[in-house]
Amino acid sequence: MDHAEAHEHIADLALEPDRLTGFAASTAPPDVALREHATRCPRCATELAGWQALQRGVARALDEAAPGDLQRIAAPDDLRRAVLTGARSKHGTKRPWLGLPPRLGARLAAVALAVVLLAGGAIVIADQAGRLNASDAGRRALSGALQTTTQVLADPAHQAIALTAADGSANGTVAWNQHDLVVLATGLAVPADGQVYRCWVIAAGGETPVGQMELVDGQAFWVGALDGWASVDLQNAYRFAVTLETGTGGAVPAGPVVLEGALGS
Amino acid sequence: MWQPEADGSASDRLVAERIAAGDEDAFALAYDRYAGLLYGALLRFTGDREVTAEIVQDTFLALWRRARQFDERAGTLAGWLLGIARHRAVDMHRARIRRPPLASPADDEGRWRAGEPVDAAGDPHAVAAQHWLQAVVRTALSELPDDERAVLTLAYSSGLSQSEISARTGLPLGTVKSRTRRAVAHLRSRLTDWPGLLDETGINLADGTRG
């Protein structure tokens with residue numbers, strides 16, 4: 001069996017799930033020939049395996065399915081309104097209390113953060129609320145970061161650590177729950193052109209760059225994901241650091257550490 | 001105001017970039033593209049409209065806040081959103097199985113729901129992953145054109161061959177084959193684009209391997 005014949009036979013098998021299921025044990029000459037071809041043709045082997053995986057997935061999905069289970073389900077109109085209204089609030093939130101003017105909402109979020117952290121006695125973020133005079137895009141990003149922070153801190157399972165500078169010139173926090181991780185810092189100087197603040201997670205295996213901080217009117221921040229497309233892996237990490245890097249930075253930190261803290265402390 | 005192409009298309013990357021820049025039209029476009037998929041999969045998984053709406057909102061708000069993190073090299077926007085939704089749904093599922101449901105497990109849609117007690121001998125994580133896969137694949141099937149879904153269901157649920165489907169439906173064999181071929185191609189294309197299915201089910205549709 002040549003490649004074209006194999007491809008054609010795979011296409012036929014894909015139409016009949018029972019034949020795909022029984023393919024491995026089939027003694028039908030075309031199936032035997034295809035198995036032999038697949039042992040020396042990775043492309044056909046991959047193609048065949050892909051159809052077999054699809055067959056298993058669909059078979060499971062249809063297992064005990066009632067007719068109604070395959071009916072199209074439309075999201076309700078009021079959900080669309082709720083989601084889009086939440087975005088229009090500029091906070092990206094569905095919470096009623098955040099239907100406030102953007103800057104006020106951001107300030108409240110910042111103050112809430114400072115109060116919560118101060119109450120914990122660990123971290124001082126004194127003047128986040130007064131530093132929001134920035135561009136709309138930057139302010140929106142900062143507002144989103146602070147809003148995420150508020151949600152993270154409202155989660156009873158959240159964790160937070162302090163970030164400090166060796167010379168005491170800056171301080172910050174890293175707060176996270178199972179979904180989001182937020183880094184906030186104050187006191188960092190505006191980097192020179194071509195320089196950026198980079199966040200790193202440090203584990204026994206070395207440093208991993210996880211994100212580049214933004215700086216809006218004195219407030220530095222970065223938000224990472226711990227679910228979905230996780231951008232941060234805290235497994236086995238023991239320190240979190242922020243460095244000042246030239247350019248976009250490399251795979252390992254080359255610039256000075258400006259903030260750091262122990263994870264799990 | 002930003003507009004997608006005349007045919008309504010816009011790449012995931014462009015949509016995500018516009019959302020990251022605060023473009024509400026791009027956000028609405030993303031919602032209109034993917035809300036049905038998320039809502040359908042989540043409702044099938046949770047069996048609860050209120051919980052489903054909550055997770056859909058959370059998922060789109062995550063997109064609004066984190067759109068700049070989207071990287072099309074890692075997958076599609078639909079896959080990213082499904083991944084976020086799945087995490088939230090499975091979290092709720094775990095919370096529920098730690099706390100036995102007060103109400104009857106039967107739901108108003110007659111479907112399995114996340115709060116249903118799980119066989120103690122089973123791995124709850126694996127059970128949740130299997131039900132999530134089932135919910136997403138059923139949603140993908142529901143989005144197929146009716147004629148394609150009909151032949152596929154006869155092939156998979158009733159175990160009929162193409163000839164038998166032809167005899168059962170009265171359709172010419174060639175028509176049955178072409179419809180089935182389109183249906184499986186659509187389905188494979190969609191499911192391969194949703195990498196959230198892969199890690200927890202151990203099935204990689206891209207190459208068929210088991211992880």
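Residues in region A:177-189 that are open to solvent by 10 Å² or more (accessible area, probe 1.4 Å), touching a strand residue (DSSP E or B) at 6+ places or on another chain (Cβ under 7 Å) and more than 14 Å from chain B (Cβ to nearest Cβ): A:THR186, A:GLY187, A:LEU188. Give me a count of the residues in region B:71-86 that are closer than 17 Å to B:THR139 by Cβ and within 7 Å of chain A (Cβ to nearest Cβ). Adding up the residues that qualify gives 3.
On the given criteria, is A:VAL223 more than 24 Å from B:LEU77 (Cα to Cα) and not acidic (Asp, Glu)? Taking the combined requirement at face value, the residue does not satisfy it.
In region B:83-190, which helices (runs of 4 or more DSSP H) lie fully inside it and hold 2 or more residues that are at pLDDT 75 or above, of a type outside the set (A, V, I, L, M, F, W, C) and open to solvent by 50 Å² or more (accessible area, probe 1.4 Å)? Before the answer, list the steps.
Details: elements: B:124-142, B:146-156, B:162-169.
Passing ranges, in order: B:146-156, B:162-169.
Considering only residues of region A:155-167 that are under 15 Å from A:VAL242 (Cβ atoms) and not hydrophobic (A, V, I, L, M, F, W, C), which is modelled with the lowest pLDDT? My answer is A:ASP167.
Of everything listed in (1) within 28 Å of B:TRP132 (Cα to Cα); (2) surrounded by 13 or more Cβ atoms within 10 Å (Cβ to Cβ); (3) under 39 Å from the mean Cα position of the chain (by Cα), the single unmet condition for A:PHE23 is (3).
Report yes if B:ARG68 is surrounded by fewer than 22 Cβ atoms within 10 Å (Cβ to Cβ), at the interface with chain A (Cβ under 9 Å from one of its Cβ atoms) and at pLDDT below 85, otherwise no. I'd like the intermediate steps shown before the answer.
Working: surrounded by fewer than 22 Cβ atoms within 10 Å (Cβ to Cβ): yes; at the interface with chain A (Cβ under 9 Å from one of its Cβ atoms): yes; at pLDDT below 85: yes.
Yes: the conditions hold for B:ARG68.
Restricting attention to region A:28-44, which residues are crowded, with 19+ Cβ neighbours inside 10 Å and either more than 39 Å from the chain's Cα centre (by Cα) or at the interface with another protein chain (Cβ under 9 Å from one of its Cβ atoms) (or both)? Break it down stepwise before answering.
Start the filter on region A:28-44 by keeping residues that are crowded, with 19+ Cβ neighbours inside 10 Å, which leaves A:34, A:37-38, A:44.
Residues satisfying the conditions are A:LEU34, A:HIS37.
Screening region B:28-48 for residues that are at the interface with chain A (Cβ under 8 Å from one of its Cβ atoms) and in contact with a Phe, Trp or Tyr (Cβ under 9 Å, 6 or more places away or on another chain) and picking the one that is surrounded by the most Cβ atoms within 10 Å (Cβ to Cβ) gives B:ARG44.
Taken together, the residues in region A:220-265 that are at pLDDT below 90, over 19 Å from A:ALA157 (Cβ atoms) and β-branched (Val, Ile, Thr) amount to 3.
Residue pairs whose Cβ atoms lie under 7 Å apart, separated by 6 or more positions or on different chains, with the first residue in region B:135-163 and outside the structural domain of B:GLY83 (by TED's automatic domain parsing) and the second of a type in the set (Asp, Glu) and surrounded by 20 or more Cβ atoms within 10 Å (Cβ to Cβ), are B:ALA155/A:GLU16; B:SER161/A:GLU16; B:GLN162/A:GLU16.
The values are calculated or read from the model by the stated rules, or taken from the named source; none is laboratory data. Since the structure is predicted, the reported quantities are computational estimates derived from the model, not experimental observations. All Cβ positions, glycine included, derive from the backbone under ideal geometry; neighbour counts span all protein chains shown. The area values use the complete protein model at the heavy-atom level, side chains included, leaving out ligands, DNA and RNA. Shrake-Rupley method; radii C 1.70, N 1.55, O 1.52, S 1.80 Å.
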